[in-house]
Structure formats: C-alpha cells, structure tokens
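Throughout, read-outs are computed from the coordinates displayed, never taken from laboratory work. The model shown is predicted, which means the values in this text are computed figures rather than measured ones. Positions of Cβ are generated from backbone atoms using ideal geometry, with glycine treated the same way; all protein chains shown enter the neighbour counts.
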Amino acid sequence: MRLLGLDPGLQRTGWGIVEAEGTRLRHVANGTVTSSPKKSLAERLVELYDGLSAILQEWQPQSCAVEETFVNKNPTSTLKLGQARGISMLVPAIHGLNVAEYTPNHVKKSVVGVGHADKNQVDAMVRVLLPGVKINGPDAADALAVAICHAHHVATMKNIGGQML
C-alpha cells in the first residue's frame, strides 16, 4: 500500500511517500511544496493546493496522514498554519483518499519510541527505517515520519481486523 505523509506549513509543506508491504517499508519519494511569502494568503494556499494535487496525481497514494497542528503563542501564525493544514487535508480528500491525523508526539513515539524526540532523532530513525533514503529537507523528514507512523497503524488495524483511514 502506498502511503502519503504530510507535514503542513504555509511556507513549506513537507511530503513523503512510502510503500508498506506487511511490516516492510520502502521509500518512494519525498519533498516540499512551497508558497511565496510575497503573495497574498489566498494565493499561497492555491500554491499549496496545486503542489499537493500534482504530487497526488504523480504518485497515486492509496492513503494519507497529516500531522496535527500544535498551538503557537502567536494566534495569527496558528491561524495561518491551520489554513495550510486545511489544504493538506482537503486535497487528498478531494482525490478520494481517507485522511488520518496524528499528533506530533504520536508520530515521534511511533518512529523513535519517545514522544518528545527532537528533529535530529526523528531524521536518524527515518534513515534507519528507510535505508538509502535521500531526504529533501527537515519538512520532508517529518512528512516521512508521518507516513511511517501511518504505515504502522494501518498494519496494526489490518492485523486486528479493524478499519483504518
């Protein structure tokens, strides 16, 4: 099963795709969709929409997971991040995918084994779990971690006979 993980951000939305076959994971692709800070918020959201749509068309994932937003001290930044996250959930849904959501701590615990792991630990474990991967930046590493987390949960749900997003 091909799984897409997304790490939403207004300036940079990380994306990562893995293939899961049983307990085996294989890296497919990863990268970042960017928006121009010189454009209006609406135009930036369109850039994210178009970029994510192109990724879905090119790579044809079968399921998607998005990292949940944490609340910043700055309410304006939190609102903008929430809008970018909305685009990250909308695009896969429009393409007919179910979209799972995981908190940052849940992703870290699934990948590293510790819910408060730092970015370096997450990056290192992504490289261990996906040997030979070339990660295209920290946002892509986080997105791959979301995809790995989702793969673990999809496999668990299949094993216990449940339904997974």
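Scan segment 1-48 for residues that are within 22 Å of residue 99 (Cβ to Cβ) and either in a loop (DSSP other than H, G, I, E, B) or not charged (D, E, K, R) (or both) and the total you get is 29. Would you mind stating whether residue 114 is under 15 Å from the mean Cα position of the chain (by Cα) and closer than 25 Å to residue 22 by Cα? For residue 114, the condition - under 15 Å from the mean Cα position of the chain (by Cα) and closer than 25 Å to residue 22 by Cα - is not met. The residues of segment 86-104 that are within 13 Å of residue 142 (Cβ to Cβ) and assigned to a helix (DSSP H, G or I), listed by number, are 88, 104.
Inspect segment 81-100 for any residue being farther than 26 Å from residue 46 by Cβ and surrounded by fewer than 22 Cβ atoms within 10 Å (Cβ to Cβ) and give the result as yes or no. Looking for residues that are farther than 26 Å from residue 46 by Cβ and surrounded by fewer than 22 Cβ atoms within 10 Å (Cβ to Cβ), one finds none in segment 81-100, hence no. Out of 69, 103, I need the residue that is more than 19 Å from residue 2 (Cα to Cα), polar (S, T, N, Q) and surrounded by fewer than 15 Cβ atoms within 10 Å (Cβ to Cβ). Which one? Matching residue, one of 69, 103: 103. Going through segment 56-85 one residue at a time, which ones are of a type outside the set (A, V, I, L, M), free of Cβ contacts under 8 Å to residues at least 24 places away in the same chain and not in a helix (DSSP H, G or I)? Listed by number, the residues that qualify are 72, 73, 74. Is it the case that segment 138-148 has a residue that's in a helix (DSSP H, G or I) and over 14 Å from residue 30 (Cβ atoms)? Looking for residues that are in a helix (DSSP H, G or I) and over 14 Å from residue 30 (Cβ atoms), one finds none in segment 138-148, hence no.
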